[in-house]
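Shown next, in C-alpha cells, is the structure this report addresses.
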Amino acid sequence: MKKILIVLILTFGINNVQAQKTISLEAEGNLESPNPCNCVEISEITNEHNPADILHGMGKCIEQKDFGKAARLFAIAGVYGKYDSYRVKDKSAHQALIVLQQNILMDISEDDKNNMIAELKKTLEKGSSELKNVCQEIQKVGIPKYHPKYMIQHGIQAFIETDGNGLVEDVNSKESWKLALESYLYCGE
C-alpha cells in the first residue's frame, strides 16, 4: 500500500511539474546593447559603450578565435560593470554584468572556453606587464558617460519603482572609478 501511495504521489507530482508554465518577465531595456561593438581593440571603445555593447564585441572576437582581443574587451566591460554597480541604486540589478558574461560564454565550444580562460589568465595576471597595459588602455577610454539602463532595468526596482533615474544620489564618480579599476582588475597595484 505504501509503495502504491508513493508511486501515485510521484506520478501526480511529475505531471503537476510538467504542467507548470515558466513565465519570464523583463523590463524594457534589460541588458540592452544600444551600440554593439565588433571585435575591436580597447582603443576603439568609447566611454559611451556600455558592458552589453562591449561584451557583444567580445563574443565576435571569440567567433573569430581572437582570444587576445576578447580578453581585453572582457576586462573593460568588467570594469565598466563594476563601476555601474557602485552607481546603480538597486542591488538586485548588480548581477547584470554576470548575466551578460554568461550569455556570451554559455554558447561557445569547450575548446573556445578553454582558450578564453587561458587567455584571461595570461592577460589579466595580477602584477603582469600585460595587465598594466590593459589598465592604462582602459584609463585612456575613461569613466563611463552612458546611463546604465542595461543594469537598472535588470533589477526588481524596474518593476516596482517608476520614479527617479535608478542611480545613487551624490555618488563620487572619481572614487568609484578608481575603486572599480582596483577591485575588478587590480589596476594601480
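The values are calculated or read from the model by the stated rules, or taken from the named source; none is laboratory data. Model, not experiment: these values are computed from the prediction. Positions of Cβ are generated from backbone atoms using ideal geometry, with glycine treated the same way; all protein chains shown enter the neighbour counts. Note: accessible area is taken over every heavy atom of the protein model, side chains too, but ligands, DNA and RNA are not part of it. Shrake-Rupley method; radii C 1.70, N 1.55, O 1.52, S 1.80 Å.
Check Lys82 against each of (1) open to solvent by 60 Å² or more (accessible area, probe 1.4 Å); (2) in a helix (DSSP H, G or I); (3) at pLDDT below 95 and name the one condition it does not meet.
All conditions pass for Lys82, except number (3).
Just checking, does the stretch 122-134 include any residue being farther than 25 Å from Phe67 by Cβ, open to solvent by 40 Å² or more (accessible area, probe 1.4 Å) and small (Gly, Ala, Ser)?
No.
Looking at this structure, is Ile160 of a type in the set (Val, Ile, Thr), more than 16 Å from the chain's Cα centre (by Cα) and loosely packed, with under 12 Cβ neighbours inside 10 Å?
yes
Take the stretch 148-186 and flag every residue that is assigned to a helix (DSSP H, G or I), over 17 Å from Asn50 (Cα atoms) and modelled with pLDDT of 85 or more.
Matches in the stretch 148-186: Lys174, Glu175, Lys178, Leu179, Glu182, Ser183, Leu185.
Which one is most open to solvent (accessible area, probe 1.4 Å), of the residues in the stretch 166-188 that are under 17 Å from Asn133 (Cα atoms) and touching a Lys or Arg at 6+ places or on another chain (Cβ under 7 Å)? Please lay out each step first, then the result.
Of the residues in the stretch 166-188, the ones under 17 Å from Asn133 (Cα atoms) are 178, 180-188.
Then keep just the ones that are touching a Lys or Arg at 6+ places or on another chain (Cβ under 7 Å); that gives 180, 183-184, 186.
Working: Ala180: 0, Ser183: 53, Tyr184: 63, Tyr186: 101 Å².
Filtering the stretch 166-188 for residues that are under 17 Å from Asn133 (Cα atoms) and touching a Lys or Arg at 6+ places or on another chain (Cβ under 7 Å), the one most open to solvent (accessible area, probe 1.4 Å) comes out as Tyr186.
Scan the stretch 85-99 for residues that are open to solvent by less than 40 Å² (accessible area, probe 1.4 Å), touching a Leu at 6+ places or on another chain (Cβ under 7 Å) and not in a helix (DSSP H, G or I) and report the count.
Looking only at that region, the number is 1.
For the structure I just gave you, tell me whether Ser43 is open to solvent by less than 30 Å² (accessible area, probe 1.4 Å), modelled with pLDDT of 95 or more and hydroxyl-bearing (Ser, Thr, Tyr).
On the way: open to solvent by less than 30 Å² (accessible area, probe 1.4 Å): no; modelled with pLDDT of 95 or more: yes; hydroxyl-bearing (Ser, Thr, Tyr): yes.
So Ser43 does not fit the description; no.
Among the residues in the stretch 174-185, are any within 15 Å of Ala71 (Cα to Cα), of a type in the set (A, V, I, L, M) and without any contact (Cβ under 8 Å) to a residue 24 or more places away in the chain? Break it down into steps so the answer makes sense when it comes.
Start the filter on the stretch 174-185 by keeping residues that are within 15 Å of Ala71 (Cα to Cα), which leaves 184-185.
From the residues that got through so far, the ones that are of a type in the set (A, V, I, L, M) too are 185.
Next, only the ones that are without any contact (Cβ under 8 Å) to a residue 24 or more places away in the chain stay: none.
Within the stretch 174-185, none of the residues are within 15 Å of Ala71 (Cα to Cα), of a type in the set (A, V, I, L, M) and without any contact (Cβ under 8 Å) to a residue 24 or more places away in the chain.
Which one of these does Ala118 not meet: (1) among the aliphatic types (A, V, I, L, M); (2) under 18 Å from the mean Cα position of the chain (by Cα); (3) modelled with pLDDT of 95 or more; (4) open to solvent by 30 Å² or more (accessible area, probe 1.4 Å)?
All conditions pass for Ala118, except number (2).
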